[in-house]
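Have a look at the structure below before the remarks.
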Amino acid sequence: MEKKICIIGAGGFGRETLANIQDCYATTHYKIPEIVCFMDENKELSGKEIKNIPVISFDDFDKDKYKVVIAIGNSKSREDIVKKLPEDTEFTSVIHPTCVISEFVNIGVGAIVGPGVVITCDVNIGCHAHLNLKTTIGHDCKIGDFFTTAPASNISGECNIGDHVYFGTNSAIREGINISNEVTIGMGGVVVKDIQEKGVYVGNPVTKIKSS
C-alpha cells in the first residue's frame with residue numbers, strides 16, 4: 001500500500017469507520033495500525049493513539065503520504081474540510097464487505113458505506129456520502145454530494161435528492177420523490193411528496209418544523 005488511509009475525525013463515527021476498514025482488510029496480510037491513522041482538529045489528541053491507531057494533527061498532514069476519508073457526521077463540516085485540504089488530496093472510500101451494491105451504481109469519492117447497505121441498480125450518488133447501517137436505495141435514484149443516512153433509512157426508486165441532505169434512522173422515502181438541497185428528515189420520517197424548500201421535516205407524513 002503506497003499511502004496510508006487517513007480517517008479524519010476520531011470520534012464515534014471515526015471509530016466505526018475504523019471497524020469497517022478492519023473488516024475490509026480482515027483476510028489480507030496488512031496490519032491495520034500500519035496502514036491507517038486518524039487525523040483530528042483537536043490538537044490534544046495529536047501524538048496519541050485511539051484503538052491502537054495513531055492520531056496526527058492537520059499540521060502533520062502530507063498529501064503524498066495519506067489518502068483521506070472524512071468520518072464526520074455533519075455534512076457542512078465535511079465540505080469545510082474538503083476545502084481546507086490541498087486541492088490534489090486523494091480521497092478514498094470505505095465500503096463494508098457485507099454491502100450489496102450493483103455494478104450499475106456510481107458512488108463518488110470519499111464515501112463511507114456501512115454494513116448491510118443495499119443499493120440496487122442505476123443509482124448515482126455524489127461525493128463524500130455517508131450511508132449508515134442497513135440503508136437501502138432503490139433503482140434509478142440520483143443523489144447529490146455530502147449525503148447522509150442514519151441506520152435503516154429506506155429510499156425507494158426514481159428519487160432525486162440534492163446536496164447536504166440527511167435522512168434520520170428508519171426514515172422512508174416514497175418512489176419518485178424529489179428533495180431539494182439542505183433538507184433534514186427526522187427519525188422515522190415518512191416522505192410521500194416532493195420537498196422543495198430546505199429545512200427540517202418530521203413525522204408521518206413529514207411536515208416542516210423549522211428552516212435549516
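Looking at the structure I just gave you, is Lys63 in contact with a strand residue (DSSP E or B) (Cβ under 6 Å, 6 or more places away or on another chain) and of a type in the set (D, E, K, R)? Judged against the criteria, Lys63 is not a match. Please work out which residue is nearest to Gly114 (Cα to Cα), limiting yourself to the range 62-101 and to residues that are hydroxyl-bearing (Ser, Thr, Tyr) and touching a Ser or Thr at 6+ places or on another chain (Cβ under 9 Å). Top of the filtered list is Ser75. Which of the following residues is among the β-branched types (Val, Ile, Thr), surrounded by 15 or more Cβ atoms within 10 Å (Cβ to Cβ), outside the structural domain of Val118 (by TED's automatic domain parsing) and free of Cβ contacts under 8 Å to residues at least 24 places away in the same chain: Ile101, Ile32? Being among the β-branched types (Val, Ile, Thr), surrounded by 15 or more Cβ atoms within 10 Å (Cβ to Cβ), outside the structural domain of Val118 (by TED's automatic domain parsing) and free of Cβ contacts under 8 Å to residues at least 24 places away in the same chain holds for just one of Ile101, Ile32, which is Ile32.
Note on the range 114-169: residues that are in a loop (DSSP other than H, G, I, E, B) and among the aliphatic types (A, V, I, L, M) total 6.
Only one of Cys127, Cys141 is over 17 Å from Ile70 (Cβ atoms), outside the structural domain of Asp59 (by TED's automatic domain parsing) and either hydrophobic (A, V, I, L, M, F, W, C) or modelled with pLDDT of 95 or more (or both). Can you tell me which? Testing whether each residue is over 17 Å from Ile70 (Cβ atoms), outside the structural domain of Asp59 (by TED's automatic domain parsing) and either hydrophobic (A, V, I, L, M, F, W, C) or modelled with pLDDT of 95 or more (or both) leaves just Cys141.
Out of the range 44-59, which residues are exposed (fewer than 15 other Cβ atoms within 10 Å of the Cβ) and either under 24 Å from the mean Cα position of the chain (by Cα) or acidic (Asp, Glu) (or both)? Answer for the range 44-59, where residues must be exposed (fewer than 15 other Cβ atoms within 10 Å of the Cβ) and either under 24 Å from the mean Cα position of the chain (by Cα) or acidic (Asp, Glu) (or both): Glu44, Glu49, Lys51, Asn52, Phe58, Asp59. Within the option set Ser171, Ser180, Ser156, Ser211, being in contact with a Gly (Cβ under 7 Å, 6 or more places away or on another chain) and at pLDDT below 95 holds for one residue only, Ser211. When Ser75, Ser153, Ser171 are checked against the criterion of being assigned by TED's automatic domain parsing to the domain that holds Asp23 and touching a strand residue (DSSP E or B) at 6+ places or on another chain (Cβ under 6 Å), Ser75 stands alone in meeting it.
The values are calculated or read from the model by the stated rules, or taken from the named source; none is laboratory data. These numbers come from a predicted model, not from an experiment. Here the Cβ is made from the backbone with ideal geometry for all residues, glycine too, and neighbour counts use every protein chain on show.
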